[in-house]
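Novice: Let me give you the structure first, and then I'll get to my questions.
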Amino acid sequence: MSQIPFRISATDGAARVGELEFPRGEIRTPAFMPVGTAATVKAMYPEQVRETGADVVLGNVYHLMLRPGAERVAALGGLHHFMRWPRPILTDSGGFQVMSLAALRKLDRDGVTFRSHVDGSQHRLTPERSVEIQRLLGSDVTMQLDECVRLPATPEEVERAMLLSLDWAERSKAAFGAPEGRALFGIVQGGDVAELRKRSARGLVRLGFDGYAIGGLAVGEPQDTMLAMLDETVPELPADRPRYLMGVGAPDDLLKAIARGVDMFDCVMPTRAGRHGQAYTRFGRINLKNARHADDPRPLDEESDCPALRDYSRAYLHHLVRSGEILGMMLLTWANLATYQALMAGARAAIAEGRFEAYAAAASVGREPQEG
């Protein structure tokens, strides 16, 4: 039995509204977690992130291990104090970098050896060390170390990585123990092979985790394949525990995953887009680089509660983006995170009121608007 309460208050089909409760605060689900890879959500103050409606942010073991170092963060009071974020933090185990930095690492059954992309220094990451780093950081949700393979991949390669991830899940659980007020999530792997996904999920459920993540999707496969893998995987996971789809962040992907019973998401998409002149709004996605915005006095959304969406003209935002001004990156990142959190709040309300299907069909976030 998990020590972390997860209460589901409403369902609409497979979609559900819930609350994951930690000593540092609750995470309302469905939840989008802004990515704070290196102890910061890029171009945002922590207070702004919270004001958008975020209950939790994500940090990354690999990057924090390299700098400033987990032991240093622990000596300085832990990650929450270090980055001035008093609410829950989920830390990614470093498993994604096993894939994304393949040229800089050597993998074996015991773990993975990295050569730092910063200074070339060598670092060793095992399931036990990953858990230890996350303990030193003080994260509320610890993720097991896993191996994520980029798709397409052969079934044999996918199966090898899935079995290795299951072995690492067992080692991660043994290393984690049963600390009060903290959670450990296992990660389902299996690529685009339905039977491997089921085997992975069943193996993790036998081990027993506080929550279950679905990894290795949105790594090169089309959306239809991702959704098919969710259809195969989600029914294998316990209904009374949170389900987390890792690294998936296109608004349409989020809504379709929520409809299939997924509770938590993270992605760099809204923050990265904001730094490159792209605004997500409830009307659709707007490229502020385009010259047609140069004389447009309208804000992105005059009815929004977010100042970045409501108070600055498209002409000014266009000017900032075209001039390479830092303020443009800050305002568009703020706007995008506010839009994503509004999408999640709207989903929670729609599920509670039994109208999620209509809500998802009507949502235009992420699509190109007809005009503007």
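The values are calculated or read from the model by the stated rules, or taken from the named source; none is laboratory data. Worth saying up front: this structure is predicted, and the values here are computed from it rather than measured. Here the Cβ is made from the backbone with ideal geometry for all residues, glycine too, and neighbour counts use every protein chain on show.
Novice: Does Phe265 count as modelled with pLDDT under 95 and of a type in the set (Phe, Trp, Tyr)?
Specialist: Against the criterion (modelled with pLDDT under 95 and of a type in the set (Phe, Trp, Tyr)), Phe265 does not qualify.
Novice: Determine, yes or no, whether Gly211 is touching a Cys at 6+ places or on another chain (Cβ under 6 Å), touching a residue at least 60 places away in the same chain (Cβ under 8 Å) and either charged (D, E, K, R) or crowded, with 19+ Cβ neighbours inside 10 Å (or both). Don't jump to the end; show me each part of the working.
Specialist: Working: touching a Cys at 6+ places or on another chain (Cβ under 6 Å): no; touching a residue at least 60 places away in the same chain (Cβ under 8 Å): yes; either charged (D, E, K, R) or crowded, with 19+ Cβ neighbours inside 10 Å (or both): yes.
Spelling it out, it is not the case that Gly211 is touching a Cys at 6+ places or on another chain (Cβ under 6 Å), touching a residue at least 60 places away in the same chain (Cβ under 8 Å) and either charged (D, E, K, R) or crowded, with 19+ Cβ neighbours inside 10 Å (or both).
Novice: When you check Gly190 against the structure, is it surrounded by 24 or more Cβ atoms within 10 Å (Cβ to Cβ) and either within 20 Å of the chain's Cα centre (by Cα) or modelled with pLDDT under 95 (or both), yes or no?
Specialist: Yes: the conditions hold for Gly190.
Novice: Any chance region 300-310 includes a residue that's modelled with pLDDT of 95 or more, closer than 24 Å to Thr40 by Cα, in a helix (DSSP H, G or I) and within 21 Å of the chain's Cα centre (by Cα)?
Specialist: no
Novice: Does region 218-237 hold any residues that are part of a helix (DSSP H, G or I), without any contact (Cβ under 8 Å) to a residue 60 or more places away in the chain and aliphatic (A, V, I, L, M), and which are they?
Specialist: Met226, Leu227, Ala228, Met229, Leu230
A quick yes/no check of all residues on (1) farther than 23 Å from Val248 by Cβ; (2) of a type outside the set (Gly, Ala, Ser):
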site	(1), (2)
Ala279	no, no
Arg298	yes, yes
Arg314	yes, yes
Arg322	yes, yes
Asn336	no, yes
Thr339	no, yes
Ser364	no, no
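Novice: May I ask you to say which residue of Ala74, Ala38 is of a type in the set (A, V, I, L, M, F, W, C), outside any loop (DSSP other than H, G, I, E, B) and either surrounded by fewer than 20 Cβ atoms within 10 Å (Cβ to Cβ) or without any contact (Cβ under 8 Å) to a residue 12 or more places away in the chain (or both)?
Specialist: Values: Ala38 fails: outside any loop (DSSP other than H, G, I, E, B).
Exactly one residue qualifies, and that residue is Ala74.
Novice: Restricting region 112-148 to residues that are of a type in the set (Val, Ile, Thr) and modelled with pLDDT of 90 or more, which is nearest to Glu221 (Cα to Cα)?
Specialist: Restricting to residues being of a type in the set (Val, Ile, Thr) and modelled with pLDDT of 90 or more, the top hit is Val112.
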